[in-house]
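Let me begin by presenting the structure, written as structure tokens, before commenting on it.
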Amino acid sequence: MRNFAYLRPDSAKDAVAMLTASQPGARYFAGGTTLYDLMKLGVEAPQTVVDITGIEELRGIDVSPKGGIRVGALVPMSDLAEHAMLKQNFPAISESLWKAASQQLRNMATIGGNLLQRTRCPYFRGSPEFACNKRAPGSGCSAIGGANRAHAVLGASSACAAVYPGDLAVALVAFDAVIETISPRGQRFVAVRDLHVVPGSTPAIEHVLAPDELIVRIEIPMTPAGRASAYHKIRDRESYAFALASAACGVHLAANEVVDVRIALGGVATRPWRASAAERSLIGKPLTRQSARRAAEIAFAEAVPLQHNRYKIALGIETVIDALMLAKDRS
Ligand code: SF4
């Protein structure tokens with residue numbers, strides 16, 4: 001790891017000012033569970049780290065003026081996973097947190113940092129001798145034509161097929177959560193659905209936030225579909241593993257018909273993936289295993305497998321069906 005300057009502001013405004021003054025090559029630091037990892041691997045080498053962990057205004061879980069759940073960016077994953085208001089209104093979001101990482105990591109990692117975690121593609125994190133357009137733009141992609149069992153079948157390009165690795169963002173996308181940020185240009189709100197971008201020809205660009213933009217909090221609007229929701233995650237082992245396929249689903253049924261349904265996919269796409277066409281196929285219909293299967297097949301209709309990840313299409317379809325049935329059982 002290289003030497004770096006370390007700054008510790010005690011307000012969000014000061015953090016933004018310090019980071020802006022230290023650009024280029026400065027990074028915010030919260031739980032450190034991703035950044036320090038990547039610094040040790042030599043993937044990231046910031047010259048300045050702005051430690052935001054002492055900023056009290058970035059903590060807390062409460063009800064927003066609009067009635068949604070508002071979560072400070074520095075709230076640890078474990079605190080939010082256990083919060084009674086979240087468990088009651090959004091079991092899928094709570095489960096997405098419980099099923100991520102280990103307890104030790106959940107105690108350290110923050111909600112804001114978790115959203116911006118970087119891919120687990122082994123070439124990205126491995127030796128710099130591997131071609132990787134995300135790590136070294138223009139160098140090529142070792143995964144396409146290489147070991148790509150865990151890579152994306154949705155949203156990939158010829159430049160990169162790395163999977164977005166997180167769970168929380170998938171559940172937040174399903175329920176239309178919004179992040180609030182500040183930067184030298186002021187405050188702005190970004191739907192989590194619009195936060196991450198597909199790789200296209202620029203895989204190194206993973207999200208729409210500017211380097212000096214700081215996530216302040218996240219707001220999750222209340223919806224009946226949140227109460228009857230589930231996060232289903234399939235992985236190589238039942239703990240401390242990333243998703244091979246996952247689905248965050250929620251349903252609101254009236255007179256046995258679907259009034260509202262949410263379907264978001266993880267582990268199969270280059271960004272948290274909302275399956276809107278699949279959702280539309282269920283509106284006004286009874287939710288049965290058969291209608292869930294049709295919706296799940298629609299969700300994967302545009303999937304393009306690589307040499308070793310074709311299994312993800314069938315696995316993803318079954319994952320969505322099971323998640324929808326779990327959500328229905330809770331309605
Ligand atoms: Fe790099 Fe993306 Fe290719 Fe992985 S899939 S080697 S992250 S360019």
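Overview of results
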{"item": "Qualifying residue in the stretch 96-109 (condition: more than 23 Å from ALA275 (Cα to Cα) and buried (at least 23 other Cβ atoms within 10 Å of the Cβ))", "result": "yes"}
{"item": "SER183 vs. criteria open to solvent by less than 50 Å² (accessible area, probe 1.4 Å), away from the ligand (no atom under 12 Å from the Cβ) and over 15 Å from the mean Cα position of the chain (by Cα)", "result": "yes"}
{"item": "Any pair with Cβ under 7 angstrom, 6 or more apart, that starts in the stretch 35-64 at a residue that is on the phi > 0 side of the Ramachandran plot and ends at one that is not in a loop (DSSP other than H, G, I, E, B)", "result": "GLY60/GLY72"}
{"item": "Any chance ALA225 is open to solvent by less than 30 Å² (accessible area, probe 1.4 Å) and outside any loop (DSSP other than H, G, I, E, B)", "result": "yes"}
{"item": "Considering residues of the stretch 252-261 that are at pLDDT 95 or above and over 21 Å from the mean Cα position of the chain (by Cα) only, the residue least open to solvent (accessible area, probe 1.4 Å)", "result": "VAL258"}
{"item": "Which numbered condition ARG118 fails, given (1) assigned to a helix (DSSP H, G or I); (2) in contact with a Ser or Thr (Cβ under 9 Å, 6 or more places away or on another chain); (3) open to solvent by 30 Å² or more (accessible area, probe 1.4 Å)", "result": "(1)"}
{"item": "Total residues in the stretch 298-331, condition of a type outside the set (S, T, N, Q), surrounded by fewer than 17 Cβ atoms within 10 Å (Cβ to Cβ) and more than 12 Å from ALA150 (Cα to Cα)", "result": "7"}
{"item": "Residue match in the stretch 72-87 (condition: farther than 29 Å from PRO224 by Cβ, modelled with pLDDT of 95 or more and open to solvent by less than 10 Å² (accessible area, probe 1.4 Å))", "result": "yes"}
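Per-residue answers, yes or no, for (1) open to solvent by 20 Å² or more (accessible area, probe 1.4 Å); (2) within 12 Å of the ligand (Cβ to nearest atom); (3) modelled with pLDDT of 95 or more; (4) not in a helix (DSSP H, G or I):
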{"position": "SER127", "(1), (2), (3), (4)": "yes, yes, no, yes"}
{"position": "GLY145", "(1), (2), (3), (4)": "yes, yes, no, yes"}
{"position": "ALA150", "(1), (2), (3), (4)": "yes, yes, yes, yes"}
{"position": "CYS160", "(1), (2), (3), (4)": "no, yes, yes, yes"}
{"position": "VAL173", "(1), (2), (3), (4)": "no, no, yes, no"}
{"position": "GLN187", "(1), (2), (3), (4)": "yes, no, yes, yes"}
{"position": "VAL190", "(1), (2), (3), (4)": "no, no, yes, yes"}
{"position": "ARG193", "(1), (2), (3), (4)": "yes, no, yes, no"}
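The values are calculated or read from the model by the stated rules, or taken from the named source; none is laboratory data. None of the values given here were measured: they were computed from a predicted structure. Glycine also receives a Cβ, built like all others from the backbone with ideal geometry; neighbour counts cover every protein chain displayed. The area values use the complete protein model at the heavy-atom level, side chains included, leaving out ligands, DNA and RNA. Shrake-Rupley method; radii C 1.70, N 1.55, O 1.52, S 1.80 Å.
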